[in-house]
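The values are calculated or read from the model by the stated rules, or taken from the named source; none is laboratory data. Remember, it's a predicted structure, so these values are computed and weren't measured experimentally. Neighbour counts are summed over all protein chains in view; Cβ atoms, including those assigned to glycine, are modelled from backbone coordinates with ideal geometry. Please note that ligands, DNA and RNA were not included when accessible areas were found on the heavy atoms of the full protein model with its side chains. Shrake-Rupley method; radii C 1.70, N 1.55, O 1.52, S 1.80 Å.
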Amino acid sequence: MNRFHLLISIAVISVAVAGWSQQSHRNPAGDDTEQLVAAENAWAKSAVARDTTRMASFMADDYVELTLVNDPATNKLRWKNTSKAEWVEMVRSGEEKYESVELRNLKVYLHGDVATVTGEYLQKGTRGGEDISATGVYVDTWAKKKGTWQVINSVFP
């Protein structure tokens with residue numbers, strides 16, 4: 001191989017390695033983390049805005065919210081299950097209204113096409129005219145379906 005061909009070969013290999021190096025330094029997990037944090041915040045804002053179409057778009061059809069509540073009949077804690085359809089209808093009808101929802105200290109834990117997001121919330125609102133303003137912690141589980149993240153479960157202990 002003459003010197004010219006050797007230099008061309010080295011140049012081509014260098015460009016290929018540089019392109020591969022840039023690709024390998026991109027962090028797809030970082031992209032997913034950013035998408036999930038943005039989705040969490042947009043989902044909360046859609047509930048405040050009573051934009052139930054947008055709110056529902058973040059949720060899988062089989063979404064379920066689990067909330068730890070005190071059962072007044074037994075004075076014991078129990079899990080209350082709320083489906084996507086139930087929660088969306090409460091917001092759509094105005095039975096449940098949010099004045100504000102603020103999310104803080106979000107952490108994303110990726111497990112392939114499943115992600116767990118933990119955080120703190122501060123909400124002001126009413127359900128059936130009763131105050132549901134609260135602060136606390138929560139856990140959302142998201143699944144990537146056909147390239148799109150959808151929340152499948154929320155837990156409010």
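A few remarks follow.
- Candidate lysines for bridging to Lys76, where Cα separation is under 21 Å - those fewer than 8 sequence places away on the same chain excluded: none
- Full-extension gain in nm, Ser93 to Leu68, via 0.36 nm per residue minus C-alpha separation: 6.6 nm
- Simple spin-label estimate for Arg78 and Lys124 in nanometres, 7 Å along Cα-Cβ: 3.3 nm
- Lysines whose Cα lies under 26 Å from that of Lys107, excluding same-chain neighbours fewer than 8 positions away: Lys45, Lys80, Lys84, Lys124, Lys144, Lys145, Lys146
- Contour excess over end-to-end distance, with Cα ends at Val114 and Ile132 and 0.36 nm allotted per residue: 3.5 nm
- The relative contact order of region 49-157 comes to 26 percent, based on Cα pairs under 8 Å that sit 6 or more residues apart.
- Region 18-157 - accessible surface per residue (Å², probe 1.4 Å): 60 Å²
- Built amide H within the under 5 Å cut-off of Val64, gap 5+: Asn153, Ser154
- ³J(HN,Hα) computed for each position of region 97-104 - Karplus, 6.51 cos²θ - 1.76 cosθ + 1.60, integer Hz, glycine/proline x: 10, 10, 7, 7, 9, 10, 10, 9
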